[in-house]
Amino acid sequence: MRTACCIAQRIARAHLHVRAQSTLSKAERFVVPIDAKSLPRGYLVASTYAGVKNAISPSPAAALSGVPKPDLALVVSSTPAAIAGVFTTNKFQAAPVVHATNALQAAQPNGPRAIAVLANSGCANAVTGKEGLEDTEELVELVRNELNPASKPSQPGPSDVLMLSTGVIGVRLPVGTIRRALYHLVHGQVLQSNPEAWLDVARAYMTTDTFPKLRTRQFMLGDRQCSMLAIDKGAGMIHPHMTTPGGLHATLLGLVATDAPIAPAALQKCLEEAVRVSFNCISVDGDMSTNDTILALANGQAPTVQGSADKLPHGAEISESSHPALLAKFSEQLTSLCLEMAHLVVRDGEGAEKFVQVRVRGAGSYEDAHAIASSISTSSLVKCAMHGADANWGRILCAAGYATLTGKSGWTIDPHKVNVTFVAPEGVQGIAPLPALVNGTPLVVDEAHAAELLRHEDICVDVDMQGGSWSAKEADAEAVFWTCDFSKEYVAINGDYRT
């Protein structure tokens, strides 16, 4: 967890300069240029406007609104790529989630491979019954059959093509509309790989998002120059709790594509760990979607760098048993990228004006620290206080007190030990921490000091359990959660049934 915290601090420092430019729009601040050299090798992408939302809910105004954004996107790997996924634990899983989880499980034990991921916005295809699942399967099969034969695996597998959907719940996909657009994507010579094409794919994922979320990075694994790219979307209905297919544990969608040579089982484990400390630690409104999905692709097409001492055999894939040190390095890169993407989701929360970090430490386990941080982050009263720049420790303490702890170890909160402190955002100098509660006892809050801390877009809250019912040495677990404030704009957005 400390590694994740350090990564988060580096990301916060990187964004400090844009946070200060509050007169700029979110798109101007957080959409960054992508270097073509940083794009992962062996992927082609295309997107288009299919008119999905207008097909399920015709609106005359849609035709008059200018050039519409893409709402259908296809990502294709030149060779079957290892694929991993984590999915919502909502009991009403959408059809594409059901299809994907079934496909990944059916691909075991050899490990799932994929050649393409299809995504649409405008219709979630959730709570649509057997017919909704059949719609997903029909479109998946269409992509599998229509792709260039050179892109197909010699022996098709259940996970060859997966689908992501986001948008209105309770309405079936307009399959005919999507089918017509798909022929254009597959046969229209529009599949390509450049920053503009990838940015349009990110735009196709958007619903109430105000900007497309796309990031890349490069790193060495042995003698391979690897690239990694991530897309995600989400602004409302954001409180993910995603896990591996079949696990116990407006929608969050994410796609990670890398040319690193990672074995499927290793990729799944790395993705689960990355999501555990990133996407599963954010909340906009406390609502877990029916469609939350993060997929990761690794096609092994990274080029070899001549002269490197640490050579990987041709065709070799990195796994825990074969290259544990290289896999650890890959895992750190994936976690770092997922943290950055998760933060972008919170920053683009519907109506959000504040980015709030809640750190809980001195707990009996990571799970208990996470539960307390989650409870604080989803409290409507806490979020309203953050919007009003109110250092209201009482609301924070109340939310911590009703958190549902695991109970597995017997650890619990000791009200006489809890400290609540507001601290300056990472990178902001010259503002001292503001203790509001020490050993369960409130302090007189200096309102001028509080205003100086809370005027920033980024707000940091530190909650120290000091060991709770155990000693501080016995209970030193911590977790970090990221959330945003509640504004009038959030109510306006979600009061409109058309969104």
Please identify every one of the trypsin sites (Lys or Arg not before Pro) in the stretch 331-439 that sits in a loop by DSSP and has no more than 10 other beta carbons within 10 Å of its own beta carbon.
K408
Using Cα pairs closer than 8 Å and at least 6 residues apart in sequence, work out the relative contact order for the stretch 409-499, in percent.
31 percent
Across the stretch 271-282, in residue order, what do the Karplus-derived ³J(HN,Hα) couplings come to in whole Hz, using 6.51 cos²θ - 1.76 cosθ + 1.60 with θ = phi - 60° and x for Gly and Pro?
5, 4, 5, 4, 5, 4, 9, 10, 5, 7, 10, 10
Would you grab the residues whose amide H sits under 5 Å from the one on C460? Only those 5+ places off in sequence or on another chain, please, with H modelled 1.01 Å from N.
Q357, V423
Find out how many positive minus negative residues lie around H387, taking Lys and Arg as positive, Asp and Glu as negative, among other residues whose Cβ is under 14 Å from that of H387.
-3
Suppose we keep just the DSSP beta bridges with both residues in the chain; what percent of those would be antiparallel, to 5?
70 percent
Of G111, V444, G394, which is farthest on the positive side of the dipole of the chain, counting Cα position, with +1 on Lys and Arg Cβ, -1 on Asp and Glu Cβ, and the Cα centre as origin?
G111
Rounded to the nearest 5, what is the percent of antiparallel bridges among the DSSP beta bridges in the stretch 355-494?
70 percent
Cα-Cα pairs in the stretch 314-366 separated by more than 17 Å, as a whole percent of all pairs, come to 62 percent
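Tell me what the chain gives for mean residue ellipticity at 222 nm when only DSSP H runs of n ≥ 4 count, each as -39,500 (n - 2.57), the sum divided by the residue total, rounded to 500 deg cm²/dmol.
Rounded to the nearest 500, it is -10000 deg cm²/dmol.
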Cut-off 13 Å between beta-carbons: net charge of the residues surrounding S469, Lys and Arg +1, Asp and Glu -1:
-2
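Past the 29 Å Cα-Cα mark, which pairs from K26/K53; K26/K91; K37/K383; K53/K488?
K26/K91; K37/K383
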Neighbour net charge for K69 - beta-carbon separation under 11 angstrom, K R +1, D E -1:
-1
Residues with amide H under 5 Å from that of D223, placed H, sequence gap 5 or more
L312
Simple spin-label estimate for H416/Q155, 7 Å along Cα→Cβ, in nm, reads 6.7 nm
When the convex hull of the Cα atoms of the chain is projected onto a plane and the area is averaged over all directions, what value comes out in nm²?
24.1 nm²
Against the rule of thumb 2.2 N^0.38 Å, how large the Cα Rg of the stretch 355-494 comes out:
1.03
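No lab work stands behind these numbers, since they all come straight from the coordinates. This structure is a prediction, so every number in the text was calculated from the model and none was measured. Note that we place each Cβ from the backbone using ideal geometry, even for glycine, and neighbour counts take in every protein chain shown.
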